[in-house]
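To keep things clear, I will list the structure first and then write my remarks on it.
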Amino acid sequence: MIDQIRQKLWLLTVVLTLCSTTVFVACAHRDSSTEQASTGKVAEIVERGTVLVGTTGDYRPLSFCEADGTYWGFGIEMAKAIAKELGVDARFVKTSWPTLTADVLAEPQLFDFAIGGITITDTRRETMLMSEGYLANGKTILCRASQRDRYKSLTDVDQPDVLVMVNPGGLNEKFARANLKQARITVHPKNEEIPERIAAGEADVMITEITEAPYYVQKDARLAAPLLNEPFTHGQIGVLMQKGQEDLLQVVNSTIQKMKSDGTLRQLHAKYGLVYAY
């Protein structure tokens, strides 16, 4: 009888010890998760009450800054949707194509993520985080309407008597220098001014994107994009941010997926005259 009582007491002790250990481990895990959540990028943004968005403001119709400081465009609306998902306001911070990578990687950070015509590339993914794509993209040209029949391929552009104008530091300039060996290349500092300079005859061709060219063709009858449906490259545009912000990346990707599934992204494409490719 005594042995049976001792055995029961031993079993009870073992059970209590296991329960205590489980509770301790669970509490420790919860405390660790809570600490991680309270120190993550999303928590920082929520506590601040504002998400800081880097954008060039020179890329109609994706990101443009008016003289009064008002930002508008496809990418701007995407940023505001992400801010809404975070439950905060969006504040836009000016960056530029030549300084984009340095600005994203700056310490202390200048902004939480960058948006607006940023092509997803392996090179960028080596040093930074990029979201999934929310807009199809590809290189094309903008030229004077009077010369639309001259340009039927990239070879027609790459001729000694063709002056190609690009904005500095971005993928447009890199593409031009990598693929145009005979054409002359000139760099103009303000991307948004190049279409007008092409129309005025200061240069013959602008290397641009299929997201940007239609806007200027619609706005200015002097311009044409003869190779719009035959882009030289194929890619996607996404959101760019520092590594180590995987919690923010998750929110951004979740927002993009939600906008795809509920039709919001398709509506934005229609609003800005862009092809929906998802």
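The values are calculated or read from the model by the stated rules, or taken from the named source; none is laboratory data. What you see is a predicted model; the values in this text were computed from it and never measured. Here Cβ is always computed from backbone atoms with ideal geometry, including for glycine, and neighbour counts include all displayed protein chains. Calculation scope for accessible area: heavy atoms of the full protein, side chains included, ligands and nucleic acids excluded. Shrake-Rupley method; radii C 1.70, N 1.55, O 1.52, S 1.80 Å.
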Anchor K271: lysines whose Cα lies under 19 Å away (excluding residues fewer than 8 positions away in-chain): K80, K219, K258, K260
Quick one: how many Å² of V88 are accessible to a 1.4 Å probe, rounded to 10? 20 Å²
Going by average Cβ neighbours within 10 Å, how do the peptides 206-215, 256-265 rank, with the highest at the top? 206-215, 256-265
Residue by residue through the stretch 121-126, the couplings from Karplus 6.51 cos²θ - 1.76 cosθ + 1.60 with θ = phi - 60°, in Hz, x for Gly and Pro, are 9, 5, 4, 5, 5, 5
Heavy atoms of R150 accessible to a 1.4 Å probe, total area in Å² rounded to 10: 90 Å²
Any chance you could look up the accessible area of D68 with a 1.4 Å probe, heavy atoms only, rounded to 10 Å²? 120 Å²
From most to least accessible, 1.4 Å probe, no ligand or DNA/RNA atoms counted, W97, W72 line up as W72, W97
Just subtract the alpha-carbon distance of T186 and R91 from 0.36 nm times their residue separation and send over the number in nm, one decimal. 30.8 nm
In whole Hz and in residue order, list the ³J(HN,Hα) couplings for the stretch 188-205 that follow from phi through the Karplus curve 6.51 cos²θ - 1.76 cosθ + 1.60, θ = phi - 60°; x for Gly and Pro. 10, x, 10, 4, 5, 8, 5, x, 5, 5, 5, 4, 7, x, 6, 8, 9, 9
By per-residue mean of other Cβ atoms within 10 Å, what is the highest-first order of 75-82, 132-139? 75-82, 132-139
The stretch 106-208: projected area of the alpha-carbon convex hull, averaged over directions, in nm²: 8.0 nm²
